[in-house]
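Notes to accompany the following structure.
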Amino acid sequence: MTLLPLLALGCSTEPVESAAPGADFSLVASDVGGGALLSAWSEGEALLMVGGQIGGGAGILARLDGGELCVEADFADKTPWWIHGEGNDWVAVGESGLVVYSHDGVRTREDVPTEATLYGAWMEGGDVIAVGGRSASEGSVGEAWRRRDGAWSALASDLPGAVYKAWNGFVVGDNVAYTYDGESLSPVDFGGGHLLTVRGRDTSDVYAVGGLGQPELWHYDGAAWTELDASALGQPLNGVWTAPGEPAWVAGNFGVVGGLDGDEWIVPGTPLTADHLHAAWKHGDSVYFVGGNLFDGGEKHGTIVRYGEGDEPVEDCGAVASLPLVAQAQAATTAFPASQLTGPTGATALLGKPAVVNFWASWCAPCLDELPLLDQLSARLAGVAPVVAVSVDTAWGPASGVVSRLGLKMPLAHDPKGLLPRALSAPSLPATYVIDAHGQVTSTLFRAMNAADVESIEAQVRALVSP
């Protein structure tokens, strides 16, 4: 391990002792399939990493858990650039307005109406701010979106530079920076340039990194921003992570990784990879740096570097996918007992006849848009087959409020633990299943239905009743 002295502009300082003697850097994976890895977040014992093929390709979610690395190769049809969460919830945002929201393990597709890439997101207190825009090569125009009470709305548009990351009221981008008070963005002029990530120990001890050609590293002490000399790192920086009592860990191009601990840089003796590392995140007792061949043409792959002491090797379990339809049908056969559903209807409508089963929640905006159409489908299939709307809200009260407000008349049920969508491997909400009289899944729809879907599902169900 090599130690580099830090130079604050115009003033040299002496290096201090390493904060973690004996710990070191290691290359965990250099050929993660499915795409480059762009960010990471901890979900309990698992480290989640998102990325993909970049520039219009598919997105992946990699999960490192118990020393095993598995990749969901079909996570999304667009590349997610950032993941962040709070408690049991997380959000992943990315290209062309991609938004995947996970609540208690149930994922909802909540894309916002933009062709821009959302490069960063921050979740706090139930709200989410997502930031992005067009890069410098496309004209560098920024925008920001906010999720509040389950619905997304535009927070700002046509900002004079792409916006890349948000953290706890701080927002940085391409020659732009802002503070965010929960309601609006206010510009800040501190002389920063191409800034890609911001993160702090608290709001008076914040770091921002970036650079074009050379690294940029800025520090905010609660009163003013100061640029620090990180030229010894030699490459532009893409990511930074820190927390109270922790060094400021950075990730950069051509395998640059390091930790700023007081006046000292902790870096590996030689680069562990020539790939570009895009983000840093501490998980457990180790710090992970994720990236890949970000700027190469052709197929992308992921790379993971780790800083930690005594970590076990990681076993690659390869790509994993959702259960095939046959397995889903088997799960459905055993996953619909009345004991798992409560509410006005329960499971009584699902026994021995074809049915349409829809999973929704009061906090899922696309679900609320879809429910009136689902109610229309129920009316059209009255006397033919039940259309049952299953709320996965943890309590029935919020769902009951939605039903009353929308005047829904279809059969209703409640799965407060979300057991059925998990058994069916539903990837998101809303999720609709057409089931035959034997409990076999015949078709699925994992987005909000439209008028054409209503006609299609009605035809499918009538065909099951009168083959």
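Computed values, structure above
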read-out	value
Neighbours by Cβ (under 6 Å, 6+ apart or cross-chain): first from the range 221-244, under 19 Å from GLY255 (Cα atoms); second β-branched (Val, Ile, Thr)	LEU233/VAL256; GLN235/VAL256; LEU237/VAL209; LEU237/VAL250; GLY239/THR197; VAL240/THR197; VAL240/VAL209; VAL240/VAL250
Count of the range 265-306 residues which are among the charged types (D, E, K, R) and surrounded by fewer than 20 Cβ atoms within 10 Å (Cβ to Cβ)	4
Exclusive hit being within 21 Å of ASP296 (Cβ to Cβ), of a type outside the set (A, V, I, L, M) and touching a Phe, Trp or Tyr at 6+ places or on another chain (Cβ under 8 Å), set GLY59, GLY85	GLY59
Residue that is surrounded by the most Cβ atoms within 10 Å (Cβ to Cβ), among those in the range 426-441 that are at pLDDT below 90 and part of a loop (DSSP other than H, G, I, E, B)	ALA426
Residue check, VAL290 outside any loop (DSSP other than H, G, I, E, B), closer than 30 Å to GLY66 by Cβ and at pLDDT below 50	no
Residue match in the range 445-460 (condition: without any contact (Cβ under 8 Å) to a residue 24 or more places away in the chain, surrounded by fewer than 16 Cβ atoms within 10 Å (Cβ to Cβ), over 24 Å from ASP127 (Cα atoms) and of a type outside the set (Gly, Ala, Ser))	yes
Identity of the residue in the range 204-239, among the aliphatic types (A, V, I, L, M) and part of a strand (DSSP E or B), that ends up surrounded by the most Cβ atoms within 10 Å (Cβ to Cβ)	VAL209
So ARG422, is it over 23 Å from ALA361 (Cα atoms) and out of contact with any Ser or Thr (no Cβ under 9 Å at 6 or more places or on another chain)	no
Which numbered condition ASP111 fails, given (1) surrounded by 17 or more Cβ atoms within 10 Å (Cβ to Cβ); (2) in contact with a helix residue (DSSP H, G or I) (Cβ under 9 Å, 6 or more places away or on another chain); (3) in contact (Cβ under 8 Å) with a residue 24 or more places away in the chain	(3)
Conditions (1) within 26 Å of ASP149 (Cα to Cα); (2) in contact with a helix residue (DSSP H, G or I) (Cβ under 8 Å, 6 or more places away or on another chain); (3) touching a residue at least 24 places away in the same chain (Cβ under 8 Å); (4) hydrophobic (A, V, I, L, M, F, W, C): number failed by TRP396	(2)
Single condition PRO411 does not satisfy, out of (1) surrounded by fewer than 17 Cβ atoms within 10 Å (Cβ to Cβ); (2) out of contact with any Gly (no Cβ under 7 Å at 6 or more places or on another chain); (3) closer than 22 Å to LYS353 by Cα	(1)
Selection count, the range 361-392, where residues are in a loop (DSSP other than H, G, I, E, B) and touching a residue at least 60 places away in the same chain (Cβ under 8 Å)	8
Test: VAL403 is β-branched (Val, Ile, Thr), surrounded by fewer than 22 Cβ atoms within 10 Å (Cβ to Cβ) and within 15 Å of CYS364 (Cβ to Cβ)	yes
Complete set of residues in the range 31-53 that are within 15 Å of the chain's Cα centre (by Cα) and of a type in the set (A, V, I, L, M)	ALA36, LEU37, LEU38, ALA40, ALA46, LEU47, LEU48, MET49, VAL50
Test: residue in the range 442-451 that is assigned to a helix (DSSP H, G or I) and within 22 Å of GLY105 (Cα to Cα)	no
GLY126 vs. criteria on the phi > 0 side of the Ramachandran plot and either surrounded by fewer than 18 Cβ atoms within 10 Å (Cβ to Cβ) or touching a strand residue (DSSP E or B) at 6+ places or on another chain (Cβ under 6 Å) (or both)	yes
Identity of the residue in the range 133-153, in contact with a helix residue (DSSP H, G or I) (Cβ under 9 Å, 6 or more places away or on another chain), buried (at least 19 other Cβ atoms within 10 Å of the Cβ) and among the hydrophobic types (A, V, I, L, M, F, W, C), that ends up farthest from LEU368 (Cα to Cα)	TRP145
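The values are calculated or read from the model by the stated rules, or taken from the named source; none is laboratory data. Computed from a prediction, not measured in an experiment: that's the story for all the values here. In this analysis, Cβ positions are derived from the backbone assuming ideal geometry, glycine residues included, and neighbour counts consider all displayed protein chains.
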